[in-house]
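Let me begin by presenting the structure, written as structure tokens, before commenting on it.
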Amino acid sequence: MKKQALLLIGLFIICIAKAQTDTIIITSIPDSALVNHNTTITNEYDNVEKIMDIDDTVEILEITPSEDLIYRRLKLLDESSPIDFSYNKSTVYYIKKYLERDVKLISRMLGVSPYYFPMMEQQLDRFQIPLELKYLAIVESSLTPKARSRSGATGLWQFMYPTGKEYGLEVTSYIDERQDPLKSTIAACTYFEKLY
């Protein structure tokens with residue numbers, strides 16, 4: 001019995017020693033075998049942000065609309081929307097402010113809006129909430145998923161930590177789903193549904 005045990009232990013030690021000396025040499029790994037780590041939704045949205053950085057060398061035309069044009073466009077919006085778009089001095093002030101002073105910001109938002117708006121519209125429609133509420137993300141974050149306010153609100157919809165947790169967004173030291181465009185939009189729709 002002792003001989004069998006010693007034999008098994010000896011074989012085990014030989015196997016371990018042999019396993020440690022064997023080396024596998026990989027000469028080349030085909031590119032198709034490599035995993036692309038940029039396939040997550042968040043990284044795709046990050047790539048959109050990088051693409052949409054405005055080059056400082058590009059000349060941007062500054063066009064200030066007349067008050068008559070602003071009035072007519074607001075009237076058209078008002079007629080086709082359940083939300084009231086009223087024409088007043090405050091509205092005109094902010095429209096002109098954005099168009100005159102924040103041209104790069106407006107250009108960036110116009111560039112990323114075709115990427116974010118269809119996803120937002122799909123979720124708003126699913127919750128039967130007016131599609132115009134997608135524009136709230138422009139006011140809250142300028143369509144920047146990683147936007148963070150001084151008070152700690154984060155993401156496209158500027159959820160505070162407790163509100164994000166309340167609406168099912170995971171917030172840890174490793175992950176912050178308030179910055180995930182789809183998950184935060186679903187949480188925002190749930191919040192809007194409660195309010196609407």
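Readers should treat all values here as calculations from the given coordinates under stated rules, not as data from a laboratory. Source: prediction; values computed, not measured. Because the Cβ atoms are built from the backbone with ideal geometry, glycine has one as well, and the counts that use them run over all protein chains shown.
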### Message
Shape verdict for segment 53-196, please, from the Cα gyration tensor: rounded (a/c under 1.5), prolate (a/b greater than b/c) or oblate.
### Response
oblate
### Summary
The set of residues whose placed amide H lies less than 5 Å from the amide H of F159, leaving out same-chain residues fewer than 5 positions away, is T154
### Task
Give the residues of segment 116-149 whose amide nitrogen is closer than 20 Å to a point set 7 Å from the Cα of D84 in the direction of its Cβ.
130-136
